[in-house]
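The values are calculated or read from the model by the stated rules, or taken from the named source; none is laboratory data. Because the structure is predicted, anything quoted here is derived from the model rather than measured. All Cβ positions, even for glycine, are placed from backbone atoms using ideal geometry, and neighbour counts span all protein chains on display.
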Amino acid sequence: MTGSRTALRALATAAAALFAVTAASPPAQAHPEPIAPEEFVALRSVDPTIIQEMRYTTAHTFMGERVDGYRQPVCILTRPAARALHLAQKRLLRRGYSLKVYDCYRPQRAVDHFVRWAKDLDDQSMKGEFYPLVDKSRLFEDGYIAEKSGHSRGSTVDLTLVRLPALPTRPYRPGERLTPCFAPKDDRFPDNSVDMGTGYDCFDTLSHTDDPRVQGAQRANRQFLKRTLAEAGFVNLPQEWWHFTFRPEPFPDTHFDFPVHRRSVSGR
């Protein structure tokens, strides 16, 4: 009996010690969201006149849903890229135009979302607008989707030109009839942009900046945008008339993953 009591006391002592250690341990903390380095700013703090239509915070995307990591419709860029856009905007305003950005910094989690969607061949809800002539199984091979994006480095922007005064653009209504992104401007989804020959994010060779089938005012508009941004230090991606990267990039080898939110650049 004495041996049993001694064993019970030992067990009780061990249990009490374990409880004390557990109680003293701090509770597990959720990892805070990363924030942008000091070199990043909200574009609006550098130039509030540039129109912002941040598509990936809406359902009007080639996936038909908001993109992961886009918490608020705010354009975030490295400071040199934002300042260069400001210089381009000043020149355009004198000629009666404004820049309009569709996408700026893009977190890696958003790119990962693109990749997951591209691998799901059953999800083709937005094919009728964004890739009507492209087999979804070829999106990687044809270069429309990749596992890394220059946008994640912070100095790449997707944008267009708007003739002033800017007309309002109606919101997209999920489930509405889709029209090919390369249809005539009056037929495709309305955009207050000048006519560039295709809509934004159009997965088609007609989106190539210098595609010879694009002529007249559409070609002139593309060249005007390209020339204006080149004078401010931006280089166009030949496969996308809307895609420009400021050079030299402050972060040429880093792909960031902080969310698109005002808090990520708070105070900047």
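Remarks
- Helices (runs of 4 or more DSSP H) enclosed by segment 33-147 - at least 1 residues per element that are closer than 29 Å to PRO180 by Cα: 108-119, 127-130
- Selection count where residues are free of Cβ contacts under 8 Å to residues at least 24 places away in the same chain and of a type in the set (Lys, Arg), scope segment 128-167: 2
- Residue in segment 177-184 that is surrounded by 22 or more Cβ atoms within 10 Å (Cβ to Cβ) and either in contact with a His (Cβ under 6 Å, 6 or more places away or on another chain) or at pLDDT 95 or above (or both) present: yes
- One residue stands out among those in segment 234-268 that are β-branched (Val, Ile, Thr) and surrounded by 14 or more Cβ atoms within 10 Å (Cβ to Cβ): the one that is farthest from GLY154 (Cα to Cα), which is VAL235.
- Test for THR198: is it more than 20 Å from the chain's Cα centre (by Cα), touching a residue at least 12 places away in the same chain (Cβ under 8 Å) and buried (at least 18 other Cβ atoms within 10 Å of the Cβ): no
- Residue match in segment 86-99 (condition: at pLDDT 95 or above, on the phi < 0 side of the Ramachandran plot and either in contact with a Lys or Arg (Cβ under 7 Å, 6 or more places away or on another chain) or of a type in the set (Asp, Glu) (or both)): yes
- For segment 251-267, a residue qualifies if it is farther than 15 Å from CYS104 by Cα and touching a helix residue (DSSP H, G or I) at 6+ places or on another chain (Cβ under 7 Å), and the qualifying residues are PRO252, THR254.
- Test: residue in segment 147-158 that is loosely packed, with under 15 Cβ neighbours inside 10 Å, more than 20 Å from the chain's Cα centre (by Cα) and farther than 21 Å from PHE40 by Cα: no
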